[in-house]
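Presented below is the structure to which this report refers.
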Amino acid sequence: MPGYGLRVTATGIRAFVAQGRVKGKAVIVTIGRLGLYTEDQARKRAQSLLQQMRDGIDPRDVKREDEAMSITLRQVADAYFARPVCSRRPPPRR
């Protein structure tokens, strides 16, 4: 299948990838490592990713949106209040 492959790094890590174009820009999406996915699972995932790319949808943007939607207001508020308070005051006016 065009756009589906196995990437092997210099350290020997093997990962399935889907490669295509979205609005003229080259996009490579890592599906997962060999062992976590069987070849059949990776091929099915690649088919859906490549179809999204053909439809003009960037799978990376979809993933970012999903991650952004999973953050709750409570988590944002907790992170805001847990940050260190700056104790430095502005210099006095003369």
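The values are calculated or read from the model by the stated rules, or taken from the named source; none is laboratory data. Computed from a predicted model, the values in this text were never measured in an experiment. Note that each Cβ is placed from the backbone with ideal geometry, even for glycine, and that neighbours are counted across all protein chains shown. Quick note on the areas: whole protein, heavy atoms, side chains included, nothing else; ligands and nucleic acids left out. Shrake-Rupley method; radii C 1.70, N 1.55, O 1.52, S 1.80 Å.
Of all the numbered requirements in (1) of a type in the set (A, V, I, L, M, F, W, C); (2) closer than 22 Å to Gly5 by Cβ; (3) exposed (fewer than 10 other Cβ atoms within 10 Å of the Cβ), Ile28 misses one, and that requirement is (3). Residue-level check: of (1) among the charged types (D, E, K, R); (2) surrounded by 10 or more Cβ atoms within 10 Å (Cβ to Cβ); (3) not in a strand (DSSP E or B), Glu67 misses just (2). The residues in the stretch 1-25 that are out of contact with any strand residue (DSSP E or B) (no Cβ under 8 Å at 6 or more places or on another chain) and open to solvent by less than 30 Å² (accessible area, probe 1.4 Å) can be counted, and the count is 1. All conditions in (1) open to solvent by less than 60 Å² (accessible area, probe 1.4 Å); (2) free of Cβ contacts under 8 Å to residues at least 40 places away in the same chain; (3) of a type in the set (Gly, Ala, Ser) hold for Ala82, with the sole exception of (1).
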